[in-house]
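Enquirer: Let me give you the structure first, and then I'll get to my questions.
What follows is calculated from the coordinates using simple rules that are stated; it is not laboratory data. Because the structure is predicted, anything quoted here is derived from the model rather than measured. FYI the Cβ positions are ideal-geometry reconstructions off the backbone, even for glycines, and counts take in every protein chain you see.
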Amino acid sequence: MTGEKTRRVEVKDGGQTIAAAEVTPLADSDGVVRTFLHPSYGHAPAGSRASLIDAVMDLPEVQDASRLEATIPLGDSESLSRLRERTDETVTRAAGSTALVDGDIPHAGHDAPGEEPGEESGAEAPAS
């Protein structure tokens, strides 16, 4: 597809890359962004994969999208857990040595989990 531009996101520890992802907004896809999380080789500190997911989800092109399609190494429970926290209507399926994760990207102004539709977070009820 034309118009696709891939961005690489890395999490580093002491100057060494410990987690990385490629992020590509898909042209003519009605707001879909695709990411591929590279497997880390060797020891990765706890939280590094979750930090990578946060860095990906906070990119402007991801925030502007409506849906995320992610490919993660099979068995990467830290990344999967964070993706489930950061997306809505998340669906996961195995594909060879990877897991494919699809989810809707929540946007500011959407109802927070546990709130009733139309209810604002932290809003006080008017006094009667």
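Enquirer: Percent antiparallel among DSSP beta bridges with both residues in the range 7-104, to the nearest 5?
Expert: 85
Enquirer: If you don't mind, there's one more thing I want to ask. Roughly how many nanometres apart are two label points built 7 Å out from the Cα toward the Cβ at residue 51 and residue 6?
Expert: 2.4
Enquirer: Between residue 77 and residue 17, what FRET efficiency comes out of the Förster formula 1/(1 + (r/R0)^6) with R0 = 22 Å and r the beta carbon distance, rounded to 0.05?
Expert: 0.60
Enquirer: For the range 44-59, take each phi angle, set θ = phi - 60°, evaluate the Karplus expression 6.51 cos²θ - 1.76 cosθ + 1.60, and give the result in whole Hz per residue in order, putting x for glycine and proline.
Expert: 10, x, 4, x, 5, 6, 5, 5, 5, 4, 4, 5, 5, 5, 8, 5
Enquirer: Evaluate the charge dipole of the range 7-104 about its Cα centre and quote only its size in Debye, nearest 20, assuming +1 on the Cβ of each Lys and Arg and -1 on the Cβ of each Asp and Glu.
Expert: Computed charge dipole of the range 7-104: roughly 360 debye.
Enquirer: So, one more: For residue 18, which sequence-distant residues (separation of 5 or more, or a different chain) have an amide H within less than 5 Å of its own amide H, given hydrogens modelled in the peptide plane?
Expert: 11, 12, 13
Enquirer: Testing the spin-label approximation: label points 7 Å from Cα along Cα→Cβ at residue 104 and residue 27. State their distance in nm.
Expert: 2.9
Enquirer: Amide H of residue 34: which non-local residues (sequence gap of 5 or more, or other chain) have their own amide H closer than 5 Å, using H built in the peptide plane?
Expert: Here 24, 26, 69 satisfy the definition.
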